[in-house]
Amino acid sequence: MFWFALLILPVGYLFLWPLTDRLLKDRGKPPLQVALTALAFSVGVLGLLLFYLGLLPGTWLSGVSALAIIVIGLVVGLVLNPGWVSPRRWLDWWRSQWRRLVRLDLEALLSLAIIGAVTVILVYLLYYPFIGDDTLVRYALQARLIYLARSLPGKVWGYPPLVPITFATTWFAAGSVNEHLAKIFQFVMVVGTLGATYLIAGRKGNRRRGLLAAAIVALTPMFVNYGSLAYTDIATTFPLTLALLSMIQWWESEKTFDVLLAGLLLGVALFVKQSGVSWLASASLIPVLKLIASRRQPVPGRWRKLFVALACILLPAILIAGPWYLRNVLIGGWEYVMPVAGLYHQLSQQAGLLGISPSLAYPDAFGYVLTPLYTIGWMMGIYLAVVQGIKVLRADDQPTPVDLILAAAAIPYWLAWWMKVSHNPRFMLLALPLLATWSVYPVEWIAGWIQKQPWSQKIPQIVWQGIGVVVLLGTAFLGTQERLGGVYYTITKPFATDDQRLEHAKSLVYELVHFARTELDPETDRLYLMDDRLAYYLTDFETFTGNPSALAELEDYDYIFYNVFLYDREKADRIGWQDREFYVHAFDDDYFEPVFETHGIHVMRILHPEQSGEGS
């Protein structure tokens, strides 16, 4: 079953390629955009249909149901587009890419840097099991619950389900839980995001600019670090970037198909993560800007086009993602329609004034070499957006205001990040392709200035190539250094078990899970977990995850896994936890009996009144 899953995965990720090619190719879309759109739609359609199957009574989710959807979509596409199957054309394309690489010019060097970065990401993904905290707490846990139930159980709600459903589908195909196979999805999203960055920066055939922007993203430490974890940020960035590309194309063509394409892609993004909601508002602003910019032109049906564009943006997104958020309301009420960071995280240290430029606030996340480019590019992009915005307001003739369109998406999202969640630079991943596109501007300016200097003409081409190699190698090393350990251990310890790999990467989690497995009984012991990550591994136990206030909340449980760090004095005081009954009595022998401790996590047996001598 493992090899069957490995074989079916590429088909599952791209089964709508023939159909998408049929719809997009005749409308002048470049082949790469066709392929990436097919990837987004294949993943989105499969996940959406399985979501509805999971809501039906019974157990409809299985490898057979997923395979049926894939086969039907593939067959329909091939019937409508039989010419899509062209091995000779595919072979010619790969040969052309190889010829470009062996030139070892600037474009080839940029391509090799991108290939090197994604290779490090892939090796790290395949070597380690799930180790990302958010992955274990949310997406992997939801996937395991879906896999075990063969349906969408009531416990799976809150964060959108596309990634968990995709993980579970992989396990259905493999016949067992295989975290390494599931993480291939993350690699595909990484490649898709780089491809979308290339498209949005390299419009009008500017291949070098596209490669440069994609290389900047690929060599950004934050992208490499989170690209090698199965988080949902990059999986959200991918369709959002494609949607913005479609909006740029709509500005130029005013064709309903382009804006409808953007709406569908936005729906896929919202089915991955709720953070894309600001992009929905930004996309809706673009037709309004178009209306203002063209108000002096004799455009028939101006207002009708505006309302059609808005409908094409909003309705597909609502129809695709809306049912999930409605389900959140039905389960948890309107306050849980969209999951948000808890108070504990909201009270974390924010970026402050430096957050005016995300790269300045977090130079380690953006890379110390790339931070100047990101910072200058950010300022240049905003400046150009303001200039283009003024021309739009004046209805002056100008080329497509690409920077204004990029800013319409980037600025509102950045403001929300800066004011609410700038304690973590990871959330800026959604705007990273846009920031990288602007970062190309200072690079082009520097290169243009150098070319104008007389001394630059005297330096041999091979020297420039050597300088380029050194700069790219240095940037690549700095960008990937935190993940090179995965490459090292893949080479030196290729046959390590998953337990050994988990112990190496997350010794705390491993030790706690090992204790629960060896010392506790899933049939009789009920666990209260203050470390959310443990629930993924202990689904055969009766567990509850939370942070107790009163001792009465523990009455139905036998053991508590107490995370001391959640109750550190500073945050406890700020949040108001210092007076909680549990916090006061956490180490009181009358209530708890310590049985195990590691790295600040205490496993304690809960002493109920009859056990502590306080019963009547």
Could you list, in sequence order, all residues of the stretch 350-373 that are among the aromatic types (Phe, Trp, Tyr), crowded, with 16+ Cβ neighbours inside 10 Å and outside any helix (DSSP H, G or I)? Tyr362
Here is a list: Leu53, Leu24. Which entry is at pLDDT 95 or above, open to solvent by less than 50 Å² (accessible area, probe 1.4 Å) and assigned to a helix (DSSP H, G or I)? Leu53
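Residue-wise test of (1) more than 23 Å from Ala243 (Cα to Cα); (2) open to solvent by 60 Å² or more (accessible area, probe 1.4 Å); (3) in a helix (DSSP H, G or I).
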position: Ile8; (1), (2), (3): yes, no, yes
position: Ala38; (1), (2), (3): no, no, yes
position: Gly83; (1), (2), (3): yes, no, yes
position: Trp93; (1), (2), (3): yes, yes, yes
From the options Asp532, Asp540, Asp521, residue that is open to solvent by 30 Å² or more (accessible area, probe 1.4 Å) and in contact (Cβ under 8 Å) with a residue 40 or more places away in the chain: Asp532
Quick check on the stretch 249-271. Is at least one of its residues open to solvent by less than 10 Å² (accessible area, probe 1.4 Å) and either of a type in the set (S, T, N, Q) or touching an Asp or Glu at 6+ places or on another chain (Cβ under 8 Å) (or both)? no
Where Leu162 falls short, out of the listed (1) within 25 Å of the chain's Cα centre (by Cα); (2) closer than 30 Å to Trp324 by Cα; (3) surrounded by fewer than 21 Cβ atoms within 10 Å (Cβ to Cβ); (4) of a type in the set (A, V, I, L, M, F, W, C): (3)
How about the stretch 484-540: which of its residues are within 23 Å of Ile121 (Cβ to Cβ) and either of a type in the set (Asp, Glu) or assigned to a loop (DSSP other than H, G, I, E, B) (or both)? Lys493, Pro494, Phe495, Ala496, Thr497, Asp498, Glu503, Lys506
If Phe307 passes every condition in (1) surrounded by 16 or more Cβ atoms within 10 Å (Cβ to Cβ); (2) more than 21 Å from Leu430 (Cα to Cα); (3) without any contact (Cβ under 8 Å) to a residue 24 or more places away in the chain but one, which one does it miss? (1)
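List the helices (runs of 4 or more DSSP H) inside the stretch 398-483, counting only whole elements, that have at least 2 residues being touching a helix residue (DSSP H, G or I) at 6+ places or on another chain (Cβ under 6 Å) and under 19 Å from Glu107 (Cα atoms).
432-452, 461-480
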Kindly indicate whether Val34 is open to solvent by 20 Å² or more (accessible area, probe 1.4 Å) and out of contact with any Cys (no Cβ under 8 Å at 6 or more places or on another chain). no
Can you find a residue that is closer than 17 Å to Phe130 by Cβ and β-branched (Val, Ile, Thr) anywhere in the stretch 199-206? no
Could you tell me how many of the residues in the stretch 482-498 are open to solvent by 80 Å² or more (accessible area, probe 1.4 Å) and in contact (Cβ under 8 Å) with a residue 12 or more places away in the chain? 1
Some residue of the stretch 97-119 being at pLDDT 95 or above, touching a Phe, Trp or Tyr at 6+ places or on another chain (Cβ under 6 Å), of a type outside the set (Asp, Glu) and open to solvent by 30 Å² or more (accessible area, probe 1.4 Å): no
Name the single residue that is most open to solvent (accessible area, probe 1.4 Å) among those in the stretch 285-304 being within 29 Å of Val43 (Cα to Cα) and touching a residue at least 40 places away in the same chain (Cβ under 8 Å). Leu285
Within the stretch 407-424, tally of residues that are open to solvent by less than 40 Å² (accessible area, probe 1.4 Å) and under 19 Å from the mean Cα position of the chain (by Cα): 8
Looking only at the stretch 425-482, filter to residues that are farther than 16 Å from Leu212 by Cα and among the charged types (D, E, K, R); which one of those is nearest to the chain's Cα centre (by Cα)? Arg426
If I ask for residues that are surrounded by 17 or more Cβ atoms within 10 Å (Cβ to Cβ) and either among the aliphatic types (A, V, I, L, M) or not in a helix (DSSP H, G or I) (or both), which ones from the stretch 375-397 would you list? Ile376, Met380, Ile382, Leu384, Ala385, Val392
Cβ-Cβ under 7 Å pairs, at least 6 apart or on other chains, the stretch 447-458 side under 20 Å from Leu373 (Cβ atoms) and touching a residue at least 12 places away in the same chain (Cβ under 8 Å), far side loosely packed, with under 10 Cβ neighbours inside 10 Å and of a type in the set (Lys, Arg): none
Kindly indicate the residue of the stretch 222-240 that is open to solvent by 10 Å² or more (accessible area, probe 1.4 Å) and at pLDDT 95 or above and also nearest to Pro161 (Cα to Cα) among those meeting that condition. Tyr226
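The values are calculated or read from the model by the stated rules, or taken from the named source; none is laboratory data. Bear in mind the structure is a predicted one, so any value in this text is a computation, not a measurement. Methodologically, a virtual Cβ is constructed for each residue, glycine included, from the backbone with ideal geometry; neighbour enumeration extends over all protein chains shown. Just so you know, the surface numbers come from the protein's heavy atoms only, side chains and all, with ligands and any DNA or RNA stripped out. Shrake-Rupley method; radii C 1.70, N 1.55, O 1.52, S 1.80 Å.
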